[in-house]
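Just so you know, all these numbers are worked out from the coordinates, no wet-lab data involved. All figures in this text were calculated on a predicted structure; none of them were measured in a lab. Every residue, glycine among them, receives a Cβ derived from its backbone with ideal geometry; neighbour counts consider all protein chains shown.
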Amino acid sequence: MALKYSIRFSGAGGQGLIQAARILAEAAAIFDNKNAAESCSYGPEARGNASRADIIISDDAIDYPKIDSIDLLMVLTQEAYDRSVKDLSAGGVVVADRVVKAGEELSGRKIYQVAFTEIAEKRFQNPGMVNIIALGFFAAINGAIGSKSIRNAMLARVPKMSEPTYMRAFDMGLEAAREYKSK
């Protein structure tokens, strides 16, 4: 059976989720030789308003680039969770920042809660790295795109002089996933 995987990254403008989604789509299409479609939505003012990026990854051609049902939902704000959880598939997985309060609607579904924003603020003094930490976490838990492909796509997109910082953030996300799985 052919792979078709739908992902939504949602949070607030300025958290870098659109960049993370583009990295993910490029990782799938360029480095994993899959088909990928990415679309985004954000408020008129980029910072602070709701933002969202949807990614579809498939072995087959993608004839409709909109998500009907989310397989993996990554949310960094409560508002993002509240808006998107209704679109989660029956077997869908949620990856949420620790500030998000999940409700009973997740009954029977897997949820990972990680302090992405706190890690970014404490380790980098830069909340703008939250997207790369979350991307590293995603790389460790997903079954659709290889971790190496995501890393290569990230390095192809970020400024050369910033590569060590981005690599550290990505590795922190991978480490957070290892710690989460060991609990």
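General observations
- Once the Cα-Cα distance is subtracted from the 0.36 nm per residue extended length, the Asp63 to Arg83 segment shows a gain of 4.7 nm.
- If R0 is taken as 22 Å, the Cβ-Cβ distance between Val99 and Cys40 corresponds to a FRET efficiency of 0.50.
- Applied to region 164-176, the Karplus parametrisation 6.51 cos²θ - 1.76 cosθ + 1.60 on θ = phi - 60° returns per-residue 3J(HN,Hα) values of x, 5, 5, 5, 4, 5, 4, 5, 5, x, 4, 5, 4 Hz, with x for Gly and Pro.
- Region 66-80 - phi-based ³J(HN,Hα) in whole Hz, Karplus 6.51/-1.76/1.60, Gly and Pro as x: 10, 7, 8, 8, 8, 8, 9, 10, 10, 10, 10, 9, 4, 4, 4
- Placing a label point 7 Å from the Cα of Thr165 along the Cα-to-Cβ line, the residues of region 1-34 whose backbone N sits under 17 Å from it are 14-17, 19-20.
- Per-residue Karplus couplings for region 128-133, computed as 6.51 cos²θ - 1.76 cosθ + 1.60 with θ equal to phi - 60°, are listed in order as x, 8, 4, 5, 6, 4 Hz, Gly and Pro entered as x.
- For Lys86, the lysines whose Cα falls under 19 Å of its own Cα, not counting residues fewer than eight places away in the same chain, are Lys66, Lys101, Lys110.
- Dividing the mean sequence gap of close Cα pairs (under 8 Å, 6+ apart) by how many residues region 4-182 holds gives a relative contact order of 22 percent.
- In summary, the aspartates and glutamates within cross-link reach of Lys183, defined as a Cα separation below 13 angstrom excluding same-chain residues under 8 places away, comprise Glu175.
- Cα centroid of region 127-173 to Cα centroid of region 58-100, whole Å: 19 Å
- Trypsin sites (Lys or Arg not before Pro) lying in DSSP loop within region 18-111, provided at most 10 other Cβ fall within 10 Å: Lys66, Lys101
- Note on region 4-182: antiparallel DSSP beta bridges, both residues inside, total approximately 55 percent of the bridges counted.
- 5 angstrom amide H check on Ala115, placed H, neighbours 5+ away: Arg98
- Long-range HN-HN contacts of Ala50 with modeled amide H, under 5 Å: Gly13, Gly43
- Applying Stokes-Einstein at 4 °C and 1.567 mPa s to the Kirkwood radius of region 89-183, computed over alpha-carbon pairs, gives a translational diffusion coefficient of 92 µm² s⁻¹.
- Taking each DSSP H run with n ≥ 4 as -39500 (n - 2.57) and averaging over every residue of the chain yields -11500 deg cm²/dmol at 222 nm.
- Per-q log10 I(q)/I(0), region 78-127, q = 0.14 Å⁻¹ (Debye; single scatterer per alpha-carbon; no solvent): -0.40
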